[in-house]
Amino acid sequence: MDLAGELAEAMRAALWPSLFAFAFLTALELLMPRGAVPIRARAAGLTFWAILLPVTITVFALFNALWRWIGIAPLVTIPLDFGWAGTALAWVLAPLAGAIVADFFFYWFHRAQHRWLWRWHAVHHSVRDLSAINAYHHVSEPLFHVALMSVPASLILADSGASAPAMTVILYLHASFIHSPTRLHLGPLAIAIVDNRFHRIHHSLEPAHFDRNFGAFTTIWDRLFGTAWVPARDEWPDTGLEQIDQPRNLREWLDLPLRLGRRPADAEIAQVI
């Protein structure tokens with residue numbers, strides 16, 4: 001397949017699950033709300049994603065093509081096909097195990113964003129009307145993701161084999177669900193799997209929550225490395241950044257990193273890390 005065909009296939013593979021996740025979770029937020037999200041904020045988030053999604057898909061497709069052309073082989077392969085469990089169960093367990101491995105790399109990439117790349121990552125944390133559709137990032141973030149997460153992760157291959165298409169949709173839903181202001185949560189599963197209550201702490205304005213809950217899929221790495229904050233039953237803090245408003249239009253979304261200037265002293269921006 002040529003590069004143009006590969007890019008078109010990547011667009012089809014990622015775009016529809018993402019749009020389904022946004023639509024499904026927005027409906028859930030309206031049916032089982034936990035707080036209000038203005039329509040104007042949702043419209044802004046949808047506008048930003050209309051640019052961010054194609055950019056992200058393109059960056060990752062180009063990286064995959066470049067990496068194959070260079071021909072750098074993984075240094076380690078972790079077998080996660082779960083063939084011994086039978087085909088049906090393996091289709092569920094393999095992608096879950098792969099997501100846990102991937103989240104290890106994301107955990108450290110996320111911590112690096114807070115420490116060294118805050119100017120760009122702050123766009124994501126500036127969101128006060130947090131929801132599935134409003135969990136956008138700056139348009140430059142896919143480049144950092146490739147450089148600091150995809151490259152090292154490519155040296156350790158998690159061979160998870162085939163997976164059920166439904167699992168792909170579920171993982172896309174989960175990635176959006178962790179930002180969703182709905183009364184629905186994962187209950188006992190939240191011990192190991194990040195849900196909207198656990199990740200809400202990461203976006204919190206409260207000083208006690210700063211520098212907590214970096215994982216996006218599993219709580220394992222936060223627990224292991226001492227950054228976990230398990231939310232109380234009714235703990236649902238306000239989100240955003242105290243001194244920075246969320247982007248209200250395309251210009252504010254694009255130029256927020258420039259307006260932030262240099263990263264202030266840690267003591268002055270506890271909310272940053």
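The values are calculated or read from the model by the stated rules, or taken from the named source; none is laboratory data. From a predicted model like this one, the values you see are computed outputs, not experimental measurements. Note that we place each Cβ from the backbone using ideal geometry, even for glycine, and neighbour counts take in every protein chain shown. Accessible surface is based on the protein model in full, side chains and every heavy atom, while ligands, DNA and RNA are left aside. Shrake-Rupley method; radii C 1.70, N 1.55, O 1.52, S 1.80 Å.
The table for this structure:
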{"read-out": "Relative contact order for the stretch 99-235, counting Cα pairs under 8 Å that sit 6 or more residues apart, in percent", "value": "26 percent"}
{"read-out": "Rounded accessible area per residue of the chain, 1.4 Å, Å²", "value": "51 Å²"}
{"read-out": "Sequence of 62, 143 from largest to smallest accessible area, 1.4 Å probe", "value": "143, 62"}
{"read-out": "FRET efficiency estimate (nearest 0.05) - Cβ-Cβ, residue 255 to residue 30, R0 51 angstrom", "value": "0.95"}
{"read-out": "Backbone HN-Hα couplings from phi across the stretch 216-226 [Karplus 6.51/-1.76/1.60, Hz, Gly and Pro as x]", "value": "10, 10, 10, 7, 4, 6, 5, 5, 5, 9, x"}
{"read-out": "Sum of -39500 (n - 2.57) over DSSP H runs of 4+, divided by residues of the chain (222 nm, nearest 500)", "value": "-17000 deg cm²/dmol"}
{"read-out": "Protein accessible area in the chain, 1.4 Å probe - carbon and sulfur %", "value": "69 percent"}
{"read-out": "Relative contact order [Cα under 8 Å, 6+ residues apart], the stretch 1-136, whole percent", "value": "42 percent"}
{"read-out": "The chain: relative contact order as a whole-number percent, Cα under 8 Å and 6+ apart", "value": "26 percent"}
{"read-out": "Residues whose placed amide H lies under 5 Å from that of residue 78, excluding near-sequence neighbours", "value": "157, 158, 159"}
{"read-out": "Karplus-derived 3J(HN,Hα), 6.51/-1.76/1.60, for each residue of the stretch 46-58, Hz, glycine and proline x", "value": "5, 4, 5, 5, 4, 8, 5, 4, x, 5, 4, 4, 5"}
